[in-house]
Amino acid sequence: MTVPFDPAEHPHRRRNPLTGEWVLVSPHRMRRPWQGQTEAAPSHSLPEYDPSCYLCPGNERAGGQVNPAYPHTFVFDNDFAALRNDTPDGTLQKNRLFQSQAETGVCRVVCFSPRHDLTLARMDLPDIRRVVNLWSEQVEELSRDEQIGYVQLFENRGAMMGSSNPHPHGQVWATRRIPTEPAKEHRVQRAYFECEGAPLLIDYLIAELTAEERVVIENEDWVALVPFWAVWPFETILLPRLHRQHLPELSPAERNSLADLLKRLLTRYDNLFETSFPYSMGWHGRPASAGDHAHWQLHAHFYPPLLRSATIRKFMVGYEMLATPQRDLTPEQAAQRLRMQSETHYLDR
Ligand code: H2U
Ligand code: ZN
């Protein structure tokens, strides 16, 4: 007698409709033992001000500039920018096999708070709301430049994700061309919109709210869920309920509710393994260039690497690098674990 297929038990693959790529899900593998690398648990006792931190107010940065005594947020041009505005135009196309283009742009660092010891999860709602405004202003301001085609906001949090400094901060990279990941989403969302007459992520959110099993938290304007196609163990996507192409379109009420949702989601992440949860997060929204972008729906991705504990992470190596991403825990199980977490931060209990 053959047993019926059970996605919580049997290996299967799932398609990411936002990129067209597949992920292999192998739920039965969660039982395997682990004798590999564990990471050092990050220390929790950071000072409010660190005289050696290049992001703390009043301190000198590597390039010799001195940070102002900023009371809330602070933005500066990255002293080691990956892109510059003054790069001369240049295209190298010797033949199909050797193509390159000069790329121009702007790289900035955004400090979320003057407090060295805080994270977004532990900041007050009005201060998180200031970060939301700052993100939106950066998109608005940089998009006005005709040389900018796309503005990417992101945050690398925690040494495990390669963040150089625990001081709460993110980055902005604005480029002339649309980079690889948003370019994939741009193509796929446009194709879906042309076929279905509605934005892909609006339809997707309606389907997820009906299914319920992958939703983590929601409020009046926002929903955080583990996507059906999640690759990282506790990956989430954050979606507005209404059609919003990019951050500058958010109403004051939607900005407040976004601050609320961010704090609740990040507190649940920290509580999951009682650690300051590492992740890479970023916003995807419409390109800066003029044109019809009705197919775009704003969203944020959170990609955290932790798998089993504060010290055991998921590695994207081997089969993932050479074939296709693979996960053990199902997205439904991950959502369930995040739903069980308290919204009181473990450090405040
Ligand atoms: P992380 O998000 O990886 O921590 O990056 C912090 C950025 O800060 C990094 O891109 C910049 C680095 O170039 N930086 C400065 O602009 N000035 C400094 O004095 C040190 C670091
Ligand atoms: Zn600092």
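What value, in deg cm²/dmol to 500, does the helix sum -39500 (n - 2.57) over DSSP H runs of n ≥ 4 give at 222 nm once divided by the residues of the chain?
After summing the helix terms and dividing by the residues of the chain, the value is -7500 deg cm²/dmol.
With a cut-off of at most 16 other beta carbons within 10 Å, and DSSP calling the residue loop, which chymotrypsin sites (Phe, Trp or Tyr not before Pro) in segment 281-330 qualify? Please list them.
Qualifying residues, ordered by number: Phe315.
List the cysteines of the chain that have no other Cys Cβ closer than 4.7 Å: which are they?
Here Cys107, Cys111, Cys195 come out as lacking a disulfide-compatible partner, given the Cβ-Cβ threshold of under 4.7 Å.
For a label point 7 Å from the Cα of Asp348 along Cα→C-beta, name the residues of segment 101-121 whose backbone N is under 19 Å from it.
Under 19 Å, as judged by backbone N against the label point of Asp348, lie 112-121 of segment 101-121.
For Glu141 and Asp203 in the same chain, what is the full-extension length gain: residue separation times 0.36 nm, less their Cα-Cα distance, in nm?
19.3 nm
What distance in nm separates the two pseudo spin-label positions at Ser251 and Glu212, each 7 Å out from Cα along the beta-carbon direction?
Result: 2.8 nm between the two label points.
Report the gain in length on full extension from Gln101 to Gln171: 0.36 nm times residue separation, minus Cα-Cα distance, nm rounded to one decimal.
In short, 22.8 nm is gained.
Starting from the amide H of Ser280, placed 1.01 Å from N in the peptide plane, find each other amide H under 5 Å away whose residue is 5 or more places distant or on another chain.
Those lying under 5 Å, H to H, from Ser280 are Arg157, Tyr303.
Whole Å is fine, so just give me how far the alpha carbon centre of segment 311-332 lies from that of segment 92-115.
Going from one Cα centre to the other spans 28 Å.
Quick check: the distance between the Cα centres of segment 160-223 and segment 270-299, to the nearest angstrom?
Value for the Cα centre distance between the two parts: 5 Å.
For the pair Ser309 and Asp89, how long in nm is the line joining their label points, each one 7 Å along Cα→Cβ?
With each label point 7 Å from Cα toward Cβ, the separation is 5.8 nm.
Could you derive backbone 3J(HN,Hα) for segment 330-343 from the dihedral phi with the Karplus parameters 6.51, -1.76 and 1.60 (θ = phi - 60°), listing whole Hz in sequence and x where the residue is Gly or Pro?
7, x, 5, 5, 5, 4, 4, 4, 5, 5, 6, 6, 7, 9
Could you work out the longest stretch of the chain that avoids the GluC sites (Glu not before Pro) located in DSSP loops with at most 13 other Cβ atoms within 10 Å?
By the stated rule (loop sites, at most 13 other Cβ atoms within 10 Å), 221-342.
For segment 296-304, in order, what is each residue's ³J(HN,Hα) by Karplus, 6.51 cos²θ - 1.76 cosθ + 1.60 with θ = phi - 60°, in whole Hz (x at glycine and Pro)?
7, 10, 4, 6, 10, 9, 10, 10, x
Taking amide H positions as placed in the peptide plane 1.01 Å from N, state which residues far from Gln245 in sequence (5 or more) or on other chains have amide H under 5 Å from it.
Leu298
Through the Karplus equation 6.51 cos²θ - 1.76 cosθ + 1.60, θ set to phi - 60°, convert the phi angles of segment 109-120 into ³J(HN,Hα) values in whole Hz; use x for Gly and Pro.
Result, ordered by residue: 10, 10, 8, 7, 7, x, 7, 5, 8, 8, 9, 3 Hz.
Using a 7 Å offset from the Cα along the Cα-to-Cβ direction at both Arg15 and Asp79, what is the distance between the two label points in nm, to one decimal?
About 4.9 nm separates the two model spin labels.
Read-outs: derived from the displayed coordinates by stated rules, not from any lab. All figures in this text were calculated on a predicted structure; none of them were measured in a lab. Every residue, glycine as well, gets a Cβ built from its backbone with ideal geometry; the counts of neighbours run over all protein chains shown.
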